[in-house]
1. Across segment 127-137, which residue is farthest from residue 21 (Cα to Cα) among those that are surrounded by 10 or more Cβ atoms within 10 Å (Cβ to Cβ) and either hydrophobic (A, V, I, L, M, F, W, C) or touching a Lys or Arg at 6+ places or on another chain (Cβ under 6 Å) (or both)?
2. Among the numbered conditions (1) under 19 Å from residue 35 (Cα atoms); (2) buried (at least 16 other Cβ atoms within 10 Å of the Cβ); (3) not β-branched (Val, Ile, Thr), tell me where residue 140 comes up short.
3. Please enumerate the residues belonging to segment 1-46 that are out of contact with any Pro (no Cβ under 6 Å at 6 or more places or on another chain) and either of a type in the set (S, T, N, Q) or not in a helix (DSSP H, G or I) (or both).
4. Starting from residues that are assigned to a helix (DSSP H, G or I) and not small (Gly, Ala, Ser), keep the ones in segment 58-76 and report whichever is surrounded by the most Cβ atoms within 10 Å (Cβ to Cβ).
5. In the list 130, 136, which residue meets the criterion of being assigned to a loop (DSSP other than H, G, I, E, B) and out of contact with any His (no Cβ under 9 Å at 6 or more places or on another chain)?
6. Identify the residue in segment 96-150 that is touching a residue at least 24 places away in the same chain (Cβ under 8 Å) and among the polar types (S, T, N, Q) and, among all such residues, is farthest from residue 12 (Cα to Cα).
7. State which residue pairs qualify: first residue within 22 Å of residue 116 (Cβ to Cβ) and loosely packed, with under 10 Cβ neighbours inside 10 Å and inside segment 151-166, second residue among the basic types (Lys, Arg) and at pLDDT below 80 in any location, beta carbons under 7 Å apart, and separation of 6 or more residues or different chains.
8. With under 20 Å from the mean Cα position of the chain (by Cα), closer than 24 Å to residue 32 by Cα and among the basic types (Lys, Arg) as the only criterion, which of 110, 145 stands out?
Amino acid sequence: MDLIFFLIEILLGVVAIACLLRFLFQVSRVNPLNMVVASTRRLTDRLLNPFRAVVPSGRFIDTASLLVAWIAMSGRVAMQLLPGYMQLDATQSVSALGFLLTSLGMSLVRLLQYSIWIFIAALVVGVILSWVAPQSTSPYAQLARELPAVLLRPVQRVMPNLGILDFSPMIVLIALFAINSRIIPWLNGLFF
């Protein structure tokens, strides 16, 4: 029985990450013809199409993919929290609504945290590739350059142009690590 729960938890995690990636690709305006983006779209289309009939989408915000990522992550978080709630005695009981709200809130925090880690990974890979293979046309290299651009553009508009030196990735990385180490634990404390 534990193996079945483990496999379901893994499946929910994969669905949540795939839908989150699709959402981030659209928000970041990554080239839709990129092989990685097209593969992610094909992988998630059948799952998202029923939700698209009900959930409206904006021009740059794919609300259906964000909703499915949230639902899948909520299921995963609920499966992780369930054993702890089952061990509570009668004096510590938690209502079903409290359990549901905790799962929904913690899943939002996890999606935010996963988004931060995805952007951090893309920034680090993009910086390394700019040193090692600046002219690379690999779909992964293009993705590593295009995905964090949505975070880099506002910083680059404010920072003075220093020629070949671009400190915006370092500033964005510091901000992302600060959010991950300060704000995420605080948000987790709100729900658990």
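The values are calculated or read from the model by the stated rules, or taken from the named source; none is laboratory data. These numbers come from a predicted model, not from an experiment. Don't worry about glycine lacking a Cβ; one is built from the backbone with ideal geometry, like all the others, and counts go over all protein chains shown.
1. In this case the residue turns out to be 133.
2. Of (1) under 19 Å from residue 35 (Cα atoms); (2) buried (at least 16 other Cβ atoms within 10 Å of the Cβ); (3) not β-branched (Val, Ile, Thr), only one is false for residue 140: (2).
3. Across segment 1-46, the qualifying residues are 1, 26, 28, 29, 30, 31, 32, 33, 39, 40, 44.
4. Here is the first cut: in segment 58-76, the residues assigned to a helix (DSSP H, G or I) are 63-76.
Going one step further and asking which of them are not small (Gly, Ala, Ser), we end up with 63, 66-68, 70-71, 73, 76.
Working: 63: 14, 66: 20, 67: 16, 68: 24, 70: 19, 71: 17, 73: 26, 76: 23.
The residue in question is 73.
5. One residue alone meets the criteria, 136.
6. Among residues in segment 96-150 that are touching a residue at least 24 places away in the same chain (Cβ under 8 Å) and among the polar types (S, T, N, Q), the one farthest from residue 12 (Cα to Cα) is 142.
7. Close Cβ pairs (under 7 Å, with a partner that is among the basic types (Lys, Arg) and at pLDDT below 80) do not exist here.
8. 145
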